[in-house]
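The values are calculated or read from the model by the stated rules, or taken from the named source; none is laboratory data. From a predicted model like this one, the values you see are computed outputs, not experimental measurements. Note: ideal-geometry Cβ built from the backbone for every residue, glycine included; neighbour counts use all protein chains shown.
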């Protein structure tokens, strides 16, 4: 393992850890603890899946050095990996590779277990909150453009209140906007 001897590298590493939320840190600790348990029990599927998760998280951290790391970023990474597994399963089914389908399904279930442990709202909960929010806006100001709706949102507090990433909130509001303002 590479030791951080350079003061600049030590400072950078400290900034990354300090910029993350407690849920993010707890999720990483859980992953590392589970990796250790999988290695001890010689569970190769779980070990390789967790290593892949940690690798994807590390790559996301490297790509976004100047951003805060939170449970929403983890949820996006896990969602992307689940989607990859679903695509692989479709391809394996098309090519009649049953043994690989089973492996991918097990990996997907493991990743979904970690997704469920994150304190993040489901897409259904976000949709319900978006509909309620749009109903309130429609009652007070019936003629709003989508840009104006997004300008009215307090992006500093809404993601924490809804327990959702800004991207998830934007996509949900955009999906339901037509129902309320295009009548």
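Mind checking which residues of segment 142-178 are assigned to a loop (DSSP other than H, G, I, E, B) and either out of contact with any helix residue (DSSP H, G or I) (no Cβ under 7 Å at 6 or more places or on another chain) or farther than 25 Å from residue 117 by Cα (or both)?
142, 143, 144, 145, 153, 154, 156, 157, 163
Among the numbered criteria (1) surrounded by fewer than 18 Cβ atoms within 10 Å (Cβ to Cβ); (2) assigned to a helix (DSSP H, G or I), which single criterion is violated by residue 119?
Condition not satisfied by residue 119: (2).
Check 91, 96, 104 and return the single one that is in contact with a helix residue (DSSP H, G or I) (Cβ under 8 Å, 6 or more places away or on another chain) and not assigned by TED's automatic domain parsing to the domain that holds residue 158.
Selected residue: 104, the only one of 91, 96, 104 that is in contact with a helix residue (DSSP H, G or I) (Cβ under 8 Å, 6 or more places away or on another chain) and not assigned by TED's automatic domain parsing to the domain that holds residue 158.
Could you tell me which residue of segment 62-91 is nearest to the chain's Cα centre (by Cα), considering only residues that are part of a helix (DSSP H, G or I) and exposed (fewer than 14 other Cβ atoms within 10 Å of the Cβ)?
80
Read through the list (1) in contact (Cβ under 8 Å) with a residue 24 or more places away in the chain; (2) outside the structural domain of residue 71 (by TED's automatic domain parsing); (3) under 15 Å from the mean Cα position of the chain (by Cα), then give the number of the only condition that residue 160 fails.
(1)
Cβ contacts < 6 Å: first residue more than 30 Å from residue 166 (Cβ to Cβ), restricted to segment 94-122; second residue surrounded by 15 or more Cβ atoms within 10 Å (Cβ to Cβ), any location; separation 6+ or different chain. Result?
Going by the 6 Å Cβ cut-off, the qualifying pairs are 100/92; 101/89; 101/92; 104/85; 104/88; 104/89.
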